[in-house]
Structure formats: structure tokens, C-alpha cells
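A quick write-up on the structure given underneath.
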Amino acid sequence: MDTIKSEGFIEDSAEKNTYGAEKPIDLDDVLTNELGQFGPFQLRNLLLVALPIIMSAFASEYIFSAAAIPHRCKISECGERIKLEEFEPEWIRIAIPETSRGLSSCQRFASRGLGINGSLDNCPADLFDPDSTVDCDGFVYARDNSVVYDFDLGCQEWLRALAGTLNSIGTLLVLPITGYVSDRFGRRIALVINVLNLAIFGIIRAFSVNYPMYLILQIVQTTLGAGTFSSAYIFAAELVGPKYRVLTSATSTSMFALGQVVLGSVAWVIRPWRYMILALHIPCFLIISYYWLLSESVRWLISKQKFEEARKVLENVARVNKKQISEKSMAGLLTPPQTSVPSDGEKPSLIKTVIRSKVLLRRVCTTPIWWITTTFVYYGLSINSTSLSESMHLNYILTVAIEIPGFYTAIFVLDRVGRKATLSVGYFFSAACNIAFSFIPNDYFVVRLIIFLLGKFAISTVMTSLYLYTSELYPTEFRHSLLAFSSMVGRMGSITAPLTPVLMDYWHGIPSMMFGGMAVLSGLLVLTQPETLGSKMPNTLAEAEAIGKIK
């Protein structure tokens, strides 16, 4: 989801260009005045792309296929031979020490070496030395619906968590690949290719014969298929008018959250991880039909000067929306752009501009921290939700479903209380919930769940608000580059988030305290930046530096 395109929030409205000429006819103007900002055609597009957006969430199925499984040492002296023996027989505590979290996962009492053995039904206590412990030489697992069981990953938590880290690295690597395909061959091709790669490599991964194969296919799948969300989002965002872009973006991200609900539900119903992966990815082949169902993006066609194809799409939009587009507007949109007037002097590079402007430099040092925090907390809470209780599927479903009201809350409060208040309160509230969660006893399950969900609700509101606020802080000339830079650096958060459950072995509250600490830091940093509510989107560096200053 982090790969949302910034165009959905950027609405420049300069009436004159740099050289004082009349502003050429723009697609946004035609949508606003003639075709309709959100008519039946745009609604149909949004409903169509909802399906691949839902499917884009399936790349996170590692949360279940590589889920941690309770395990303990195999006690061969008592007749245990396989990995799926009874997990807690009556005699188990004479062979395995207990910890604050139950039976030890990685150690057992040493054998006295008496030369006699017990059985699964009766295992004598004098076979073991309660004063000496040794590491496991084999494992028994509580269930078999994870790669942990199939590939015998007991007590290799860092290796197990590597699946999530590689998934996040793949979603970082996919950005330039999808961007190139989308800009070179079209949005429709990019969408179909991404979903097909998601399906093909997902299905192959279901037949992994060892854990290295599973991991390699994990990063290949996301590197070549995780651009599904951004490719589908473009279809929804590029043909709606400025008035509906924030709403369309929130709806798209809500569809992603719905996809996570579908993921959790399928994993709940289909427990074997191989069959679960197949059930999720086989339907993805339906998206092949989108090559014929979806019209290519008008904005892309115009940018590539494919004017005849663009004309057909525009006429179709007018027909479906029961509107008319004037010949003047059609001609204005489908006329090759004039060669720009050469500049009087060489413009400074982005890096030099940032270094020379103290205001811009402070923002460039600040916004990436917001993004790291947001992705770290957002994905960390989703991943850690499965350990809330034994009902890991229900926990996950509730945790991702709470995102939907969080996304729409941002729409209602951003233009009422402001950007700074929305973000800082969102960070501080999420921090308070996470820190409080660390100290709530496990016996208070309902209270823990409510506090956990409130923390996820708050960070979801921040997630939607962050794109808009970051865009509004930077001038038009550098906006896309600096927003992309913040988002790319922010990937550090989603890459490290899958590793946080491992820290629970040292203290159960470490992940929550880390989430809370990062959120407090970002909430404070938000207060160092100006409010942008009611301010014109800055076109120049001077306008960006003047935001928030008393005039």
C-alpha cells in the first residue's frame, strides 16, 4: 500500500505558466466543467480496480504461511519419534523446564543416561536431571499449518521472520520496475503483468520443497508483483476530478484493508499453508480479462501523444456519463504540446537547492522519519496482532478492519482541524495505546484488544494524512522527487517491522514500546513544521518557504 502515487493528492491550480502565457486546457478542467468529476464511468473504473487492489493484499500471506508455531524439544527417551506428537502430555514438565511464557521452546532437562526408556504413556521422572538443561536436538510442534513445521524451523525465529523482511524489500525493489513498465507500456499492461506475477510466483511458492526456495520465491513474487496496488490505484485516481481524489484514495486504501480481511478469512478457513496460498492466488488469473475490460488511462495516452486512442476513451467517458465534451476541449487536450521556452540560466540541482534552503533541508530531514515511523508501526501492529491470543486469524482480521474507519476519519478531520493536529494527535494517541498495551496483563484480553485496535486506528489515520501533508510542504518542481524520497526511506520501517515479534522472547512489551517511542518522536517532529490548511499548494521554492509565516 505504501506505493500510492502522489498524484492523487496534488492539485496545482496556477492559471498562468512561468512565461505568462495562458494556461493550456487541462484534463482536470475538462473533468470539472464537462465530463464530470465522478460519474458512472469513474464509478465503474473504481469498482473494477477494487478487485486487483484486494488481491494486492495477498502478498502478505507470509503472516500466516510463515507464522510462528508453539514448539518444544522432542523427548526421544519417552518414545517421541515424529514432529506432531501430543504437545503437552501429562509427563512433559519432568522433561522440559517452564518459563514465564509456558514450556521452554528451545531447551530440555539433560538425560541421566540410565540406559532405560519410558513410553508415550508413562515416562519416569528419574530419566532426567532437573538441575541441568541442554539445547533441543529435535522438535515437537503444536500444529502443522506453517513452513515452521514443514521445514523444521524450531528455535530459528530470526530465520522465520526473514520471510517478512524479504517481502518488504521486494515491495521496495518493485517501485522502479513498475514505474518503468507503467510509463513505457501503459497502466493497463503494468496492472495485468503485476497481478499475473503475483499469481504465478505465489502458486509456485506453494510447492516449495525447502525454506530457501520459499524465501527466494517470496522476494521474487513481491519484486515483480507488488506493484499491483499502485497500478490499480492509478486507474481510480487519474480520471476523477480534484474534488474526489482524496475520497478515491481513501476508498482505494480501504479496498486494500478489505483484501487483508479476505486474506485472514481464507487463512482461517483453509489452514494448510500450501492450499491457502493456492486458494488466494488462483483467482488472480481473472485479471487477464482486464486487458479488454479496462480502458487505458487517458492521462497516459495524452502524455504519449496517442491521441486517437485518447479520443475514443474520452468519447466513451462522455457517453457513459451522459455528458458532452466540446470540440475545443477535445482539440486542446489532443494537441501536441508546444516546445517550452528555454530558460535564461541553468537551474540548480535538487541536492544544491535543498542544501541552500534551511527550511527545505529541515523538511527533508523530518518527513522521512514520519514515513519510517508510520510504516514501522502500521505493519508492525498487523504482524504482531497474530500473537494477541490463540485466535490469531480473528485478531488479524479485527486489526486490519479497523483501518477502514481510520482512513475515512482522515477525510473528515484534515480539512476541519488541520494537517498538523491530525498527524500529531494520531501519532501521540497511537503511542499512548502502544505504551499502555505493554503493561496490560495478559488476563485482560478484551482490554488489550481494544487498546491494540485503537493504536492501529490512529496510525491508519496518520497513514492517509501523511501523503497529503508531505505533498503540501514541497514546491511543485521538487514535490514528486522529495515525496518519493520520503516514501523510499520510509521502507526501512516496513523492512524491520517483521523482525519485531522475535524481540518478544526477551520481553513481551519490547515491540509495543518501540512503536510508542517512534510515534512520540514523529508526533513531536510534526509540531516543528507549519500548518498547510488553507494554504495554496506551493509552486516555487519561495512559496514553500513562506508557508506558515505571518504575512
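Figures for the structure shown
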{"quantity": "The chain: Cys lacking any partner C-beta under 4.7 angstrom", "calculated": "Cys284, Cys365, Cys433"}
{"quantity": "Virtual spin-label span in nm between Ser387 and Glu543, 7 Å along Cα→Cβ", "calculated": "4.8 nm"}
{"quantity": "Mean Kyte hydropathy of 0.5 or more with a Cα span along the axis of at least 15 Å, helices from DSSP in the chain", "calculated": "40-56, 157-185, 187-205, 211-225, 245-269, 358-384, 403-417, 419-439, 445-473, 510-526"}
{"quantity": "Helix-only CD estimate at 222 nm, as mean residue ellipticity for the chain, using -39500 (n - 2.57) per DSSP H run (n ≥ 4)", "calculated": "-19000 deg cm²/dmol"}
{"quantity": "Among Phe87, Phe58, His71 the positive-end extreme of the charge dipole of segment 46-101 (Cβ point charges)", "calculated": "Phe58"}
{"quantity": "Fully extended contour minus Cα-Cα distance, from Lys536 to Asn117, at 0.36 nm per residue", "calculated": "142.8 nm"}
{"quantity": "Assigned charges on the beta-carbon of Lys, Arg, Asp, Glu; segment 399-471 dipole about Cα centre (debye)", "calculated": "160 debye"}
{"quantity": "For segment 63-163, the fraction of alpha-carbon pairs in successive 10 Å shells from zero, as %", "calculated": "16, 48, 27, 8, 0"}
{"quantity": "Prolate/oblate/rounded call for segment 189-289, Cα gyration tensor, a/c under 1.5 rounded", "calculated": "prolate"}
{"quantity": "Mean Cβ count within 10 Å, highest first, over the residues of peptides 130-141, 364-375, 407-418", "calculated": "364-375, 407-418, 130-141"}
{"quantity": "Share of carbon and sulfur in the accessible heavy-atom surface of the chain [1.4 Å probe, %]", "calculated": "62 percent"}
{"quantity": "Restraint check, Lys358/Lys549; Lys243/Lys420; Lys243/Lys549; Lys243/Lys322; Lys456/Lys549; Lys312/Lys536, Cα-Cα greater than 23 Å", "calculated": "Lys243/Lys549; Lys456/Lys549; Lys312/Lys536"}
{"quantity": "Cut-off 18 Å (backbone N to label point 7 Å along Cα→Cβ of Val209), residues of segment 149-174", "calculated": "150-152"}
{"quantity": "Label-point separation, Trp158 to Val134 (7 Å along Cα→Cβ), nm", "calculated": "2.5 nm"}
{"quantity": "Label-point separation, Asp126 to Ala110 (7 Å along Cα→Cβ), nm", "calculated": "2.0 nm"}
{"quantity": "Net charge dipole size for the chain [Lys, Arg +1 and Asp, Glu -1 on Cβ; Debye, nearest 20]", "calculated": "1760 debye"}
{"quantity": "Segment 29-91 - convex hull of the alpha-carbon atoms, volume per residue in Å³", "calculated": "137 Å³"}
{"quantity": "Peptides 185-191, 249-255 ordered by average Cβ neighbours within 10 Å, highest first", "calculated": "249-255, 185-191"}
{"quantity": "Positive-end residue of Ser168, Pro212, Gln107, charge dipole of segment 95-241 with Cβ unit charges", "calculated": "Ser168"}
{"quantity": "Two-site FRET efficiency, Ile355 against Tyr275, from Cβ-Cβ distance with R₀ of 51 Å, rounded to 0.05", "calculated": "0.40"}
{"quantity": "Evaluated at q = 0.27, 0.31 Å⁻¹: base-10 log I(q)/I(0), Debye formula over Cα of segment 476-524", "calculated": "-1.01, -1.08"}
{"quantity": "Cα-based convex hull, the chain, per residue volume (Å³, whole number)", "calculated": "162 Å³"}
{"quantity": "Heavy atoms of Val269 accessible to a 1.4 Å probe, total area in Å² rounded to 10", "calculated": "120 Å²"}
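The values are calculated or read from the model by the stated rules, or taken from the named source; none is laboratory data. Remember, predicted model here, so these are calculated numbers, not experimental data. All Cβ positions, glycine included, derive from the backbone under ideal geometry; neighbour counts span all protein chains shown. The protein model used for the area step is the full one, side chains on, heavy atoms only, and it has no ligands, DNA or RNA in it. Shrake-Rupley method; radii C 1.70, N 1.55, O 1.52, S 1.80 Å.
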